[in-house]
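Scroll down for the structure; my scribbles are underneath it.
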Number of protein chains: 2
Amino acid sequence: MTDRTGTNATPIKTAITGEDGVDLSIIELLFFAYRDFTSDPDQILAEYGFGRAHHRVLHFVNRMPGLTVAELLDVLQITKQSLARVLKQLIDTGHITQVQGEFDRRQRELYPTEKGRSLALALARPQSRRIRAALGSSSATEREGIERFLKAMVNPELRAQIDKLPGNASGKEHGNE
Amino acid sequence: MTDRTGTNATPIKTAITGEDGVDLSIIELLFFAYRDFTSDPDQILAEYGFGRAHHRVLHFVNRMPGLTVAELLDVLQITKQSLARVLKQLIDTGHITQVQGEFDRRQRELYPTEKGRSLALALARPQSRRIRAALGSSSATEREGIERFLKAMVNPELRAQIDKLPGNASGKEHGNE
DNA sequence: AAATTTATGTCAGCCTTGTTGACATATTTA
DNA sequence: TAAATATGTCAACAAGGCTGACATAAATTT
């Protein structure tokens, strides 16, 4: 007999399992791995009064110097109003500078300053250390398997963004450095 | 000549690279992979007026039925006030029920209802589909490499949480089950 | 040349989800 | 009986998303 709301509030006491072949273990591994992966830079950021949003902006400006505001919005997939707040702070604190576009003077090209470059590196270092430790004794082949998997997790339309980053050229597998 | 604020705002035009052996490509792959991985359930959640916080609570209550509030706080690493809001909504909408602890009646054991179980599965399915597609033709060995890497990314003290989940027993590598 | 579109900026207000601090209640433990 | 514990709840605040509206300058189209 169910209750008057039509809801059956009977507790289910058995754990969910990969009933329909649902891959729970990798789902959870991704959750925990990402949670701890992002916790590394959080402490450094706090000293600057910055958050993760600043980190992402700073990272991609360092990786793609000269990218425009519109391009950055595309990578981050947020609205310009969201970006504006953190970008303004990064500019005011001298981590990023804007340069008027050479051909299209409406555009603002974003570049890191020395200060911004150095902070970006400081943020990347503990993350990189964690990755190196996690790879541990993995072979080059294993590393490739991991990279292939992670890249395949990205929406196909957006994989181009990854290829655009220096060192991630799609021609990589052909050995042309 | 630097400006009067002592800040050198000169734009750096070269992209950051793995200068000190910093592993930028995996850092970025994790960012993009996680971004798209979490976008799958977001659409379903929106139909219920739920967010990612609800998803996490629902997921772990389904994976560890009967866990107490304190245990859940430990897994999620948030404060009880944060949890209270979303948990209340999940209880009010009949996705989760509370049962008074049998031995310690101060405790509230959390269980999914049929409704909650079914939503948890609906949320896991597209994520699982994405994972399956990403694994593609990967061999069992490759999958193990990926799982080992992700697990190693988690803080050592917290790896116990993963082992506690059904199907993730640490004895797995001995081939039992 | 005028009209339209585009790239960016900005103001105002709202939502979710995290935080801290304080305090209440029931229950268990010392 | 007193103290500690598990949970709940109130209030206030912050970060970082969002939408909608409007402004400006520059490029493009008509």
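The values are calculated or read from the model by the stated rules, or taken from the named source; none is laboratory data. Since this is a predicted model, take the numbers as computed values, not measurements. Cβ atoms come from the backbone with ideal geometry, glycine included; neighbour counts cover every protein chain shown. Heads up: the accessible areas ignore ligands, DNA and RNA and are worked out on the full protein's heavy atoms, side chains in. Shrake-Rupley method; radii C 1.70, N 1.55, O 1.52, S 1.80 Å.
Under 12 Å from a label point 7 Å along Cα→Cβ of residue B:48: give me every residue in segment B:57-91 with its amide N that close. Only B:57-62, B:87, B:89-91 pass the distance filter.
Working note: Debye formula, equal point scatterers on the alpha-carbon atoms of segment A:24-129, no solvent; log10 I(q)/I(0) at q = 0.13 Å⁻¹ is -0.51. Taking the Kirkwood radius as Rh and the Cα radius of gyration as Rg, the protein assembly as shown has a ratio of Rg/Rh equal to 1.01. Taking the longest Cα principal axis of chain A as reference, the axis of helix A:24-48 is set at about 40 degrees. Placing a label point 7 Å from Cα along the Cα-to-Cβ axis, residue B:47 is separated from the same position in the other copies by 4.7 nm, shortest listed first.
How long is the gain from residue B:39 to residue B:139 if the chain were fully straight, where each residue apart is worth 0.36 nm and the alpha carbon distance is subtracted?
Details: separation 100, 0.36 × 100 = 36.00 nm, distance 2.67 nm.
Result for the pair: 33.3 nm of gain on full extension.
For segment B:1-93, the relative contact order is 17 percent, taking Cα pairs closer than 8 Å that sit 6 or more residues apart in sequence and dividing their mean separation by the residue count. The C-alpha atoms of chain A define a longest principal axis, and helix A:140-152 lies at about 80 degrees to it.
Apply the a/c threshold of 1.5 to the C-alpha gyration tensor of segment B:82-142 and tell me whether it is rounded, prolate or oblate. Provide the component values of the computation, followed by the final result.
On the way: a/c = 3.31, a/b = 2.27, b/c = 1.46.
Prolate.
Residue B:162 contributes about 10 Å² of solvent-accessible surface, heavy atoms of the protein only, 1.4 Å probe. Charges were assigned to the Cβ only: +1 to each Lys and Arg, -1 to each Asp and Glu. The resulting dipole of segment A:24-129 about its Cα centre is roughly 160 debye. Charging the Cβ of each Asp and Glu at -1 and of each Lys and Arg at +1, and nothing else, the dipole of chain A about its Cα centre rounds to 540 debye.
Starting from 0.36 nm per residue, how many nanometres of slack lie between residue A:122 and residue A:99 once their C-alpha separation is accounted for?
5.8 nm
Let me check against my output: what whole-number percent is the relative contact order of chain A, with C-alpha pairs under 8 Å and at least 6 apart?
Details: 121 pairs, mean separation 34.1, N = 177.
Computed value for chain A: 19 percent relative contact order.
The C-alpha radius of gyration of chain B, expressed as a fraction of 2.2 N^0.38 Å, stands at 1.36.
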